[in-house]
Amino acid sequence: MPLTLDQLRRYAVARSLFKPTTLLRAIGKLGFVQADPIRAPARAQDLTLRHRVAGYRAGELERRYPRLPLEEDFFVNYGFLPRERQALMHPRQARVAWTPARWKQAHAVRGFIAERGVAHPREVDAHFAHGKTTNWFGGSSNASTQLLDGMHYRGLLRVARREGGTRVYAVREDATPVGEQEIEGRLDALVDLIVGKYAPLPAASLAQLVGYLGNGVPQWKDACRPALQRARQRLHCARVEGVDWLWPADERADSRRWKPAEQVRLLTPFDPVVWDRRRFELLWGWSYRFEAYTPAAKRRLGYYALPLLWREHVIGWGNLSVKDGVLDAQLRYVAGRSPKEAAFRIALEEELERMRVFLGVEG
């Protein structure tokens, strides 16, 4: 029988929302977890992990990160990866070449941090007085912060921990140079990491993500397209309603094992279930947009609308906030009203209670 969109939808939801496990195992199964600084009502990384880690609480990843074999780095987006997977991208060569003067600054800062063990950006700024600079969105920021970001991206530093959301740095050991014969294998592993996180993927979405991979491995950007071609040869592929879909070769998208839970879930906009807006529209038939950076007057869904998943269907969205220690949930539905069945009302209240426990607030 031909694969159907209903089967793809169940597969997409059930494979990603696996049975909750430990923090390290969950990140390992996901491959990487995207990070975002907005807290509405919690950061994206925490909202992603709360569905997949047993007993997870907001901020747990940041608290436990220094003791786990994890790294913060840029992959197809910025986030957290197991250390052995982050190592596949290094030594990284940035597309923008630094001047000798900039490298002199970087080596001086690296020596300063090496002597201290770890250093907060304000300590670096106080010691070197690098001054101010224009940041990427046109504002002013400390030049030391920009330098540290560049050093981290180039693999000179690693994030040792966070303090109040601010990255605290330590020196990262120099990565071993990669021989030409290793590049292909590394890129194949990185593309498989993408597929493992976001499958099933429309072919156009996989091409888009492999393009983003060029930002994680700029030194191999020209080799990303051949890596995409190799991936298309080894992955499962099926055309469903005029769209080519791809997923791991060792999985069956039409298997009866893919049974989404009888649950309501409020997902972060960056959750792998909903991250790909192209896939979202194909699977659920409506357009979801992340509007945090949209002017308030032009928003349709809200500042930080959380897609509302019921079984395998995204049926609406919610804007959640905490006011005076109490969770406030404003919910909206694509159909204009909530499902009438009692099972939905019970599941929704259970999800809101899970959110309260996760945030440590009252009803």
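The values are calculated or read from the model by the stated rules, or taken from the named source; none is laboratory data. Every value quoted in this text rests on a predicted model; they were computed, and no experiment measured them. Cβ sites come from the backbone with ideal geometry, for glycine too, and all protein chains shown count toward neighbours. Please note that ligands, DNA and RNA were not included when accessible areas were found on the heavy atoms of the full protein model with its side chains. Shrake-Rupley method; radii C 1.70, N 1.55, O 1.52, S 1.80 Å.
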If you go through region 311-328, how many residues are assigned to a loop (DSSP other than H, G, I, E, B) and open to solvent by 40 Å² or more (accessible area, probe 1.4 Å)?
2
So residue 151 fits all but one of (1) open to solvent by 60 Å² or more (accessible area, probe 1.4 Å); (2) modelled with pLDDT of 95 or more; what number is the exception?
(1)
Given (1) in contact (Cβ under 8 Å) with a residue 40 or more places away in the chain; (2) open to solvent by less than 30 Å² (accessible area, probe 1.4 Å), number of the condition residue 210 does not satisfy
(1)
Among the residues of region 287-299 satisfying the criterion of being surrounded by 12 or more Cβ atoms within 10 Å (Cβ to Cβ) and not small (Gly, Ala, Ser), which is nearest to the chain's Cα centre (by Cα)?
290
Residue within region 81-94 that is surrounded by 14 or more Cβ atoms within 10 Å (Cβ to Cβ), within 13 Å of residue 24 (Cβ to Cβ) and either without any contact (Cβ under 8 Å) to a residue 40 or more places away in the chain or among the hydrophobic types (A, V, I, L, M, F, W, C) (or both) present
yes
Scan region 1-55 for residues that are out of contact with any Phe, Trp or Tyr (no Cβ under 7 Å at 6 or more places or on another chain) and among the aromatic types (Phe, Trp, Tyr) and report the count.
1
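Being surrounded by fewer than 19 Cβ atoms within 10 Å (Cβ to Cβ), at negative phi, aliphatic (A, V, I, L, M) and not in a loop (DSSP other than H, G, I, E, B) narrows it down to one of 283, 331, 308, 246, so name that one.
Values: 283 fails: surrounded by fewer than 19 Cβ atoms within 10 Å (Cβ to Cβ); 308 fails: surrounded by fewer than 19 Cβ atoms within 10 Å (Cβ to Cβ); 246 fails: surrounded by fewer than 19 Cβ atoms within 10 Å (Cβ to Cβ).
Of 283, 331, 308, 246, the one residue that is surrounded by fewer than 19 Cβ atoms within 10 Å (Cβ to Cβ), at negative phi, aliphatic (A, V, I, L, M) and not in a loop (DSSP other than H, G, I, E, B) is 331.
Go through 63, 52, 57 for me and flag whichever is surrounded by 21 or more Cβ atoms within 10 Å (Cβ to Cβ) and closer than 20 Å to residue 359 by Cβ. I'd like the intermediate steps shown before the answer.
On the way: 63 fails: surrounded by 21 or more Cβ atoms within 10 Å (Cβ to Cβ); 57 fails: surrounded by 21 or more Cβ atoms within 10 Å (Cβ to Cβ).
None of the others qualify; the one that does is 52.
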Check off (1) in contact with a strand residue (DSSP E or B) (Cβ under 6 Å, 6 or more places away or on another chain); (2) under 15 Å from residue 16 (Cβ atoms) for residue 331 and give me the number that stays unchecked.
(2)
Among the candidates 345, 299, 332, single out the residue that is without any contact (Cβ under 8 Å) to a residue 60 or more places away in the chain and touching an Asp or Glu at 6+ places or on another chain (Cβ under 8 Å).
299
Among the residues of region 253-280, the number that are part of a loop (DSSP other than H, G, I, E, B), surrounded by 14 or more Cβ atoms within 10 Å (Cβ to Cβ) and not acidic (Asp, Glu) is 13
The condition from (1) surrounded by 13 or more Cβ atoms within 10 Å (Cβ to Cβ); (2) out of contact with any helix residue (DSSP H, G or I) (no Cβ under 8 Å at 6 or more places or on another chain); (3) in a loop (DSSP other than H, G, I, E, B) that residue 338 misses is numbered (2)
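Any residue at all in region 218-241 that is touching a Phe, Trp or Tyr at 6+ places or on another chain (Cβ under 6 Å) and assigned to a helix (DSSP H, G or I)?
Taking region 218-241 as the starting set, the residues that turn out to be touching a Phe, Trp or Tyr at 6+ places or on another chain (Cβ under 6 Å) are 236, 238.
Now drop any that are not assigned to a helix (DSSP H, G or I), which leaves none.
The answer is no; no qualifying residue exists.
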Qualifying positions in region 171-196 - open to solvent by 10 Å² or more (accessible area, probe 1.4 Å), in contact with a Leu (Cβ under 7 Å, 6 or more places away or on another chain) and touching a residue at least 40 places away in the same chain (Cβ under 8 Å)
171, 186, 189
